[in-house]
Each structure stands twice: as C-alpha cells, then as structure tokens.
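First up is the structure itself, then whatever we jot down about it.
The values are calculated or read from the model by the stated rules, or taken from the named source; none is laboratory data. Just so it is clear, the structure is predicted and the values come from calculations on it, not from any experiment. Here the Cβ positions follow ideal geometry from the backbone for every residue, glycine too, while neighbour counts run over all protein chains shown. Just the protein is used for accessible areas: all its heavy atoms, side chains included, with ligands, DNA and RNA removed. Shrake-Rupley method; radii C 1.70, N 1.55, O 1.52, S 1.80 Å.
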Amino acid sequence: MKPSPQIQRVVERMSPGVLCRDGFLGLDTRALPEIIDADDSLVAAMGCSHGQIAAAMRPILDKAMACYGTPVKVGGDLLAVYREAMGRIPCPFGDGELLPKGEVELSDERRGQSVLFTPLSVHLIGEHGFYQGRPSRWRLEPDLLADILNLRDTRLASDGPPR
Ligand SMILES: [Zn+2]
C-alpha cells in the first residue's frame, strides 16, 4: 500500500540531514508504520505501554539535565549523565513540539547495560510509540529499556520510580 501523504512528510523529515545529521530511521528498510507496529506488539507483549516507558524515562531525564554533565544516581543501580548540546530540535511528526538537543546516557551498573536517549526520544516514545529505526545509534530497543527501567510485567521496582 502506498503511504499516505502525511506519513510521507514525516518520513521526509526523518531523513538524514533534515532535522538532524543521522535522521531517525537508521538503515531500517521497513516502512515507518511497520516499525511502529512491530514495537507496539513488542511493548504490549511485555505487559507495559509506551506511556509507562516514557513516564519512567522523564524523571531520569529531568534529574540528569539538572546536573549538567555530572553523573547522578537515579534509583537502584542506575546512573545517568546528561551531555548538553546547543539548540532545539522539532518533533518529526510535525506536532509543533520543540525539544532541547543533548543526550542522556543511562547505565545499569549491575547489568552492565546502557542506553542513550534524548529529550526528543522520550517524546517520540510517549506520544508516538516510536523507538527509531534500526540499526541506528539512536534506536532504543523496547525490551532493553523495559529491563533497565524495571517495567516488565507492569511491576515497578520495589523501591519505587526514581526521583
Ligand atoms: Zn511529536
């Protein structure tokens, strides 16, 4: 099926060099709705939601951003550090959202895993269920996120969400 003009515009904005150097789709050969559907099924199968994942990421982002590059404990074995960048980036879905550039590296010291995300990634997950294409530096695997954020089976960590 031919993608709608609306989807085509979103895909154009996601191309490398339009809103950001790397774009949002990486080397993924799947169509955008296919990427979103696949991640939707994955998240549903884990018993959580995009909203829950974004809601768990947001306080980590806020806390890391408030510490300007100093690594900060964000609950359990999680350590977050924000690397600031100049300027803002609009949401490629064209909803008028404009978010600060910069990235958070979130590491789970116990598991030895880490993820890299941006203020825009949190918006893309929460509002659009979009984890970016793969392979790409910016792709966020929903199962890895759910593990690090302790969201599988809808049970939150026993010590509660990070503050
Ligand atoms: Zn948006």
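Rolling a 1.4 Å probe across all protein chains gives ARG83 an accessible area of roughly 100 Å².
Think of the chain as having a plus end and a minus end, set by charges on the Cβ of Lys, Arg, Asp and Glu; of SER49, ALA64, TYR131, ALA64 sits farthest toward the positive end of this dipole.
Show which aspartates and glutamates lie in cross-link reach of LYS2 when reach means a straight Cα distance below 20 angstrom and same-chain residues fewer than eight apart are skipped. Counting by Cα, and skipping residues close in sequence, LYS2 has these aspartates and glutamates nearby: GLU12, ASP28, GLU34, ASP37. Axis angle, to the nearest 10 degrees, between helix 50-66 and the longest C-alpha principal axis of the chain: 60 degrees. Counting only DSSP H runs of at least 4 residues, each contributing -39500 (n - 2.57), and dividing by the residue count of the chain, the helix-based mean residue ellipticity at 222 nm comes to -10500 deg cm²/dmol. Based on C-alpha pairs under 8 angstrom that are at least 6 apart in sequence, the chain has a relative contact order of 27 percent. Within the same chain, lysines fewer than 8 places from LYS63 are excluded, and of the rest, those with a Cα less than 23 Å from its Cα are LYS73, LYS101. Magnitude of the charge dipole for the chain, about its Cα centre and with charges confined to Cβ atoms of Lys, Arg (+1) and Asp, Glu (-1), is about 320 debye. One decimal place: the segment THR29-SER4 gains 7.2 nm when fully extended, by the rule 0.36 nm per residue minus the C-alpha distance.
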